[in-house]
Amino acid sequence: MLLPNAAQAEWQAVEQVKTYSISGQTGAALYQSIGERGPNVGVGGRVIAHTTFKLTWTRKYETRDNACVLATARPKLIITYTLPKVAGRLPEGLRQRWEIFIDGVAAHERVHGDTIKAMVHKIEAATIGLTVPDDPKCRKIKDEMNTRLGGLSQAQRQEGRDFDRVELSPGGNVHNLILQLVND
């Protein structure tokens, strides 16, 4: 029972920030620049900020009594936050509003990062020690893992969509940050 918890405690996500340049001398101009240069997420178009991740695993499978066991699984998780960065200097009042805005947006994206890290812990809990009988070549276990991982991945994506819906809706945190930035 202690091994999975110990294994979970051993890794840490690598978190990095990428920026894209925006410009403007008013809140509305900064927001317009974000709309022109923000990350393009496909069908949804451009966004203020975006969180992505790369997850790879080092796994050790063992055959025990004609069964396959996932003995260990060590994740390597890299989370990348893409945020806007103002090129140049801002007038003092706008600079203060910008700092409030970008701090709030970064905090929003860190919540997405936290849900990704939580998903990885759930993957560990659902797979480390997983045993599939009559699988001496460890082929069936991979299908079973894919089934479990698919559900966890879908749940994490839905959690992110639900969070964004609340945050971006009228009265939501990000919506209010936008209004505070653009309303001089």
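The values are calculated or read from the model by the stated rules, or taken from the named source; none is laboratory data. Only a predicted model underlies this, so the values are computations on that prediction, with no experimental measurement involved. Note that each Cβ is placed from the backbone with ideal geometry, even for glycine, and that neighbours are counted across all protein chains shown. Heavy atoms of the whole protein, side chains included, go into the accessibility calculation; ligands, DNA and RNA do not. Shrake-Rupley method; radii C 1.70, N 1.55, O 1.52, S 1.80 Å.
Worth a mention:
- Residue count, the range 9-44 (criterion: without any contact (Cβ under 8 Å) to a residue 40 or more places away in the chain, farther than 18 Å from Ala106 by Cα, under 22 Å from the mean Cα position of the chain (by Cα) and not in a loop (DSSP other than H, G, I, E, B)): 4
Matching residues to (1) touching a strand residue (DSSP E or B) at 6+ places or on another chain (Cβ under 8 Å); (2) in a helix (DSSP H, G or I):
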| position | (1), (2) |
| --- | --- |
| Gly104 | no, yes |
| Ala118 | no, yes |
| Ala125 | no, yes |
| Lys137 | yes, no |
| Thr147 | no, yes |
| Arg157 | no, yes |
| Asp164 | no, yes |
| Gly171 | no, no |
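- Any hit, the range 106-114, residues being within 15 Å of Leu149 (Cα to Cα) and in contact with a Ser or Thr (Cβ under 8 Å, 6 or more places away or on another chain): no
- Thr131 passes every criterion in (1) in contact with a helix residue (DSSP H, G or I) (Cβ under 7 Å, 6 or more places away or on another chain); (2) in contact (Cβ under 8 Å) with a residue 12 or more places away in the chain; (3) open to solvent by 70 Å² or more (accessible area, probe 1.4 Å) apart from (1).
- Among the conditions (1) exposed (fewer than 12 other Cβ atoms within 10 Å of the Cβ); (2) of a type in the set (S, T, N, Q); (3) closer than 25 Å to Lys18 by Cα, Asn146 misses just one, which is (3).
- Ile141 vs. criteria of a type outside the set (Asp, Glu), open to solvent by less than 30 Å² (accessible area, probe 1.4 Å) and part of a helix (DSSP H, G or I): yes
- Entry remark, the range 45-61: residues being of a type in the set (Val, Ile, Thr) and either over 30 Å from Thr72 (Cα atoms) or part of a helix (DSSP H, G or I) (or both) number 2 in total.
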